[in-house]
């Protein structure tokens, strides 16, 4: 695609949007980012995990090494805490913990230094469309026309929500795919403990959701997550219970202490249309078990920049290579985690306990480890010894077969009929 007159608008200053802005500006495109927040207010006041490979593969400079702390291995607990699945030694050269504000500062510097224009404190209100084509965005100060709009405005994106039905893109993230979270960084009292530094809990205190306690060098990161909503009583009960198991959690909150919402679902089945491409939370580019999405979003910026550079025009067909590349790289991870998330979400605490205690879920289900015949035997033995779990086991096997089919039948080139069939199979996964 010609770069001298091609105008690109990035709606929102998400991680993927800023990374895409930097890459496209370097390729010579006219790129403008509109972000509702002031620059100094960007980013949550806590840390999250990221894999450095997302920078290397996209050709973007890594953040300052001084900002990075090697991530430790995660241990997963069932509701009654009778089983701890330890994921083993984490490769410290791969995954790191970084302050989100520092990461966004880095991405902003990359975008600005590459020539992208950054407009902070300027909210995007909706897409501007002609028929089923996106031709720009409406901001607080008026319309801005563009050849391509990159939607990086988050899970509640006003751009995606305003798309015409004919674009074929899901406009809302369902409540059942939303995790309501409370997160705070507590003081570390220094009390010795044998508990894993990174502990994750399913259905903690019987609440459908996902919690964690992460002990870093100077604080304890506590997240309480529930489907359907959180009350102050639920938060208080969960924190008090964690303080009994993790005695180093102090009373003082150093940072955070606020509630938010994150998407926990597989990526939207279609996130491109004429003149439009979504990235990051706008497309639900997250790992469905945890809601973590920074790595996927930044890595996806490389796929998007390559697709736009190689596109003949701004059509769905030209942008489809972005979606195809994303799914070919991430589909197995997304669907494996979606299966576990669905199982954990629908079973309830008692049955999740059975899954753990009968070894129907093991460390390989939480990692990229290849399942062997011995692993399958453990699952079969567990299911046979707990007949009520046989339907669950059958569903997990069926999902595994569907996952392979979806990857095999993913259209590499755009064909309306072929893509429609694939989306239907993906939605029914």
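Projected onto its three principal axes, the C-alpha set of the range 176-263 covers 38, 23, 22 Å, listed from the longest axis down.
Tell me, what is the Rg over Rh of the chain, with Rh the Kirkwood radius over Cα pairs?
Reported Rg/Rh, Kirkwood definition of Rh: 0.97.
In the range 115-255, inverting the average of 1/r over every pair of distinct C-alpha atoms gives 18.4 Å as the Kirkwood radius. Solvent-free Debye calculation, one equal scatterer per alpha-carbon of the range 23-84: log10 I(q)/I(0) at 0.12, 0.26 Å⁻¹ equals -0.60, -1.19. Using a cutoff of 8 angstrom between alpha carbon atoms and counting only pairs six or more residues apart, the relative contact order for the chain works out to 17 percent. Descending by average beta-carbon neighbour count within 10 Å, the peptides 304-311, 245-252, 409-416 line up as 304-311, 245-252, 409-416, the highest first. In the range 174-324, the alpha-carbon atoms span a convex hull of 126 Å³ per residue. Per-residue packing, averaged as other Cβ atoms within 10 Å, sorts the ranges 188-195, 163-170, 64-71 into the order 163-170, 64-71, 188-195, beginning with the highest.
As a check on your grasp of the helix formula, calculate [θ] at 222 nm for the chain: sum -39500 (n - 2.57) over DSSP H runs of n ≥ 4, divide by the residue count, round to the nearest 500. Estimated from H runs of four or more residues: -11500 deg cm²/dmol.
Among 400, 231, 282, 162, sorting on how many other beta-carbon atoms sit within 10 Å of each Cβ, with the fewest leading, yields 231, 400, 162, 282.
Only the coordinates and a few stated rules stand behind these numbers; no lab work does. Please read all numbers here as calculations on a predicted model, not as lab measurements. Cβ sites come from the backbone with ideal geometry, for glycine too, and all protein chains shown count toward neighbours.
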